Amino acid sequence: MSKILFVMTGSDRLTLTDGSPHPTGYWAEEFLAPYRALTAEGHEVVVATPGGVVPPVDRASLAPEPVEAELAAVAALKDPVLLEDVRLADYAAVYYPGGHGPMEDLAVSRPSAELIRATLAAGKPLAVVCHGVAALLATADENGAWPFAGYRLTAFSNVEERAAGLADKMPWLLEDRLAGLGAEFSAGEAWASHVVVDRTLFSGQNPGSSAELAEKVVAALR
């Protein structure tokens, strides 16, 4: 079967408007639901991070489901490849889990942006969920031209961000940035699964969308 690349944050914090660090990382469910679905189909998951650092998990995502032991058993999380060294030709699809971490590093990562542009040009499935959608922001050029302008997509919504209690402390809101670059933003019901597929872009709104998103990517790879 195929190799699937999971591009994950290397940041354990999100810098808030006042300069203070908010502890974060990747969201466990957003890694595990697609990991389970893809490996059950026989695919191999490879993890890449900026600098090849071990991705930090957001501790808030480890409850109520006891998933720490499951995460600890995933060898790919312990030995990620350097995002800077990734060869897209080795992978059948690319996936970005969320957590607030990607807003800190992947949203401004040049190697990640180059990979996303290459994935789009190659016509391979590109899946993003929740705050992992922030990685798409880095593909805008200095003039504001953006390869995803006009795409229908979703991500963690402003309504959900406010309900989670961080909206007023964050330097920017993901929904606003995506819409500002020209995305046709689709917000589903808060916390409910909501997945949007437009061409080769697969996007999920929130952690609860991870399993449905994975199902659609699995189907696309069959």
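Sort through V196, V217 and tell me the only one that's part of a helix (DSSP H, G or I), in contact with a strand residue (DSSP E or B) (Cβ under 6 Å, 6 or more places away or on another chain) and under 22 Å from A28 (Cα atoms).
V217
Against the condition in a loop (DSSP other than H, G, I, E, B) and touching a residue at least 40 places away in the same chain (Cβ under 8 Å), how does G51 come out, does it pass?
For G51, the condition - in a loop (DSSP other than H, G, I, E, B) and touching a residue at least 40 places away in the same chain (Cβ under 8 Å) - is not met.
Sort out which residues of the range 148-169 are within 18 Å of the chain's Cα centre (by Cα) and open to solvent by less than 30 Å² (accessible area, probe 1.4 Å), and write them in order of number.
F148, Y151, L153, T154, A155, F156, S157, N158, E160, E161
In the list A134, A113, A89, which residue meets the criterion of being assigned to a helix (DSSP H, G or I) and either open to solvent by 20 Å² or more (accessible area, probe 1.4 Å) or modelled with pLDDT under 95 (or both)?
A89
Would the range 140-147 turn up any residue that is surrounded by fewer than 18 Cβ atoms within 10 Å (Cβ to Cβ), part of a loop (DSSP other than H, G, I, E, B) and touching a residue at least 40 places away in the same chain (Cβ under 8 Å)?
Looking for residues that are surrounded by fewer than 18 Cβ atoms within 10 Å (Cβ to Cβ), part of a loop (DSSP other than H, G, I, E, B) and touching a residue at least 40 places away in the same chain (Cβ under 8 Å), one finds none in the range 140-147, hence no.
The values are calculated or read from the model by the stated rules, or taken from the named source; none is laboratory data. Since this is a predicted model, take the numbers as computed values, not measurements. Because the Cβ atoms are built from the backbone with ideal geometry, glycine has one as well, and the counts that use them run over all protein chains shown. Side chains are part of the model used for accessible areas, which takes the heavy atoms of the whole protein and leaves out ligands, DNA and RNA. Shrake-Rupley method; radii C 1.70, N 1.55, O 1.52, S 1.80 Å.
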